[in-house]
Amino acid sequence: MSMTTARRSQRRAAPTATPTSASGWLRDAIGATAMLTMLVVVALWVHGRGLQDLGGLWTGVTSAGRLAGLVSADLLLVQVLLMARVPWVERTYGQDRLARWHRLVGFTSFNLMLTHIVLITIGYAGTGHMDVVAQAWQLVTTYPGMLLATAGAAALVLVVVTSVRAARRRLRYESWHLLHLYAYLGVGLSLPHELWTGTEFVSSVLAQVYWWTAYGVAAGSVLAFRLALPAWRSLYHRLEVERVISEGAGVVSVYLRGRNLSRLPVRAGQFFLWRFLDGPGWSRGHPYSLSAAPWGDQLRITVKAAGDGSARLAALRPGTKVLIEGPYGQLVAARRRGRGVALLACGIGITPLRALLDELPPRQTVLLYRARSEADLIFRAELDRFAARRGIRVWYLLGSRPDGGSWLPAGYPSDRQVLHDTVPDIAHRDVYLCGPNDWMDLAASAARRAGVPDERIHLERFTW
Ligand SMILES: Cc1cc2nc3c(=O)[nH]c(=O)nc-3n(C[C@H](O)[C@H](O)[C@H](O)COP(=O)(O)OP(=O)(O)OC[C@H]3O[C@@H](n4cnc5c(N)ncnc54)[C@H](O)[C@@H]3O)c2cc1C
């Protein structure tokens, strides 16, 4: 282990970040609204004779199928909203958690959609004394909106199949992302059959008001926050590349300059999706965290070449125009519960933590930075150069990956010993983590074993 003391950065004005508990009331309000939509949907189903219909065998099967379909449609809209990048929702829950829920809600909604299709077909076949296959054919070919709904269901099947982990691992991010956009098509195509044949929809004004509002809010949020806001921010701030410098083998920092950046609501630790208008392929956005707190009208990102998209940044020319989507992410100083902080970084995961150093109270901050060798340390000179003035303690944990599952390099003493030597009061600190996925899992469980409660562990995953 080697240690240095970090100096105050001259880059950034004093942070507004103060210890705070997350906006609890907003979290409760958003959660309660999502639950309320479920209740409304069930109430509309009851209002549409859903309960009475359960009395008969085939009408009961059909009614249960209708309920499954309604809840599935509602969850589908919740799911769209979870990923609509609504700023208050992002700020309240953080992308990581939203992505996990998006996945969970997505699979639940999909299973309910399949249940809906099966039960409705069986219910109709039973009522009409028809063969199930013939009934399915008749439903698809003769009921209004059903051909579109079938195409929509097929689009959703495609999205779900490619989201199963095993399939996802085989796909490039860009291919997966493109296929994932079919979910919007799926949602859109399923709407007409609800409007034209859905018992609940056609029979009640209340239901119509509810569903139109729900679809309107979901579509409006996507248009506003995924398209209009990023477009406006890109046009307004007019970001462009100022210079690109090498930070070591395969790692570059891109300095960007823009207009009125003080109006961009971004904090150290957050990331944007970046599109550099440097030629073909510009339309594929990539997420990169800021590697320094914003200062004046400037931003900095630091990127390791992991594939085509990241490698091309080394060749960016000054003046290249840049489109941004964001800021996103919750790895911010304001998230902490107390004053003391331990930052645990590995490899390129140092970027958001380096930015956080500009905003955290220096004397309460310890950085543990894991890398294979001195040569792999990014920002070493920077950390050493402006280190001493701030009183931030920085520990470098250098060495190769151990055989067993440990976040420490090979040959190091136990977690307990290392944490005792470097951050003896870690149990009373907030812990911020960033690095490769497996490493983060190991480091987070070491922190938990050392007594850090879950709500004080904050992390950003560099994976999708
Ligand atoms: C929130 C977040 C912040 C990040 N911050 C940084 C940073 O500050 N510095 C840095 O060097 N890297 C960062 N990354 C990782 C960086 O986005 C990927 O390395 C980069 O997008 C790879 O693209 P590529 O075309 O070069 O590589 P590919 O050849 O396309 O892929 C290389 C690897 O990167 C993954 N990847 C590709 N595209 C994405 C994407 N859009 N989102 C997530 N993973 C992707 C692939 O699954 C693959 O494992 C961050 C990732 C996330 C999710």
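The values are calculated or read from the model by the stated rules, or taken from the named source; none is laboratory data. On a predicted model such as this, the values are computed, not experimentally measured, just so you know. Here Cβ is always computed from backbone atoms with ideal geometry, including for glycine, and neighbour counts include all displayed protein chains. Protein only, heavy atoms only, side chains kept; ligands, DNA and RNA dropped before computing areas. Shrake-Rupley method; radii C 1.70, N 1.55, O 1.52, S 1.80 Å.
Sorting I392, I122 by accessible area puts them as I122, I392; the probe is 1.4 Å, largest comes first, and only protein heavy atoms count. The charge dipole of the chain, taken about its Cα centre with unit charges on the Cβ of Lys, Arg, Asp and Glu (plus for the first two, minus for the last two), comes to roughly 1760 debye.
Mind checking the angle between helix 57-82 and the chain's longest principal axis? C-alpha axes, 0 to 90 degrees, to the nearest 10. It works out to around 30 degrees. In the chain, the portion of solvent-accessible area held by carbon and sulfur atoms comes to 62 percent [1.4 Å probe, whole percent, DNA, RNA and ligands not counted].
Dipole of segment 112-229, Cα-centred, from +1 at each Lys and Arg C-beta and -1 at each Asp and Glu C-beta, to the nearest 20 debye? All intermediate terms of the calculation are to be shown ahead of the outcome.
On the way: 6 positive and 4 negative charges, 139 e Å.
With only Lys, Arg, Asp and Glu charged at Cβ, the dipole is about 660 debye.
A dipole drawn for segment 24-232 from +1 and -1 charges on Cβ atoms has a positive end, and of G216, P192, A231 the residue lying farthest that way is A231. In terms of modelled amide H atoms, which long-range or inter-chain residues lie less than 5 Å from the amide H of A388? Under 5 Å from the amide H of A388 lie the amide H atoms of R7, each far enough along the sequence or on another chain.
Accessible area per residue for the chain, computed on protein heavy atoms with a 1.4 Å probe, is 47 Å².
About its Cα centre, how strong a charge dipole does segment 319-464 have in debye, to the nearest 20, once Lys and Arg get +1 and Asp and Glu get -1 at the Cβ? Numbers along the way, then the final one.
Values: 21 positive and 17 negative charges, 84 e Å.
Magnitude of the dipole: close to 400 debye.
Based on a Kirkwood Rh over C-alpha pairs, give the Stokes-Einstein translational diffusion coefficient of segment 398-464 at 4 °C and viscosity 1.567 mPa s in µm²/s. Once the numbers are plugged in, D ends up at 104 µm²/s. Given the C-alpha centroids of segment 283-343 and segment 407-459, what is the distance between them in whole angstrom? Between the Cα centre of segment 283-343 and that of segment 407-459, the gap is 24 Å.
Amide H contacts for R238 (H built 1.01 Å from N in the peptide plane; partners 5 or more residues away or on another chain; cut-off under 5 Å): R259. Helix 24-47 versus the longest principal axis of the chain: what angle, 0 to 90°, nearest 10, using Cα atoms? Helix 24-47 sits roughly 10 degrees off the main axis of the chain. The radius of gyration of the Cα set in the chain, together with its Dmax, comes out at 25.9, 84 angstrom.
Give the calculated FRET efficiency between L57 and S283 to the nearest 0.05, with a Förster radius of 45 Å applied to their Cβ-Cβ distance. Present the calculation step by step, with values, prior to reporting the outcome.
Working: r = 54 Å, r/R0 = 1.20.
Plugging the Cβ-Cβ distance into 1/(1 + (r/R0)^6) gives 0.25.
For the chain, DSSP calls about 60 percent of its internal beta bridges antiparallel. Helix 205-221 and the longest principal axis of the C-alpha atoms of the chain enclose an angle of approximately 30°. For segment 24-232, the spread of Cα positions along the three principal axes, ordered from largest to smallest, is 54, 41, 28 Å.
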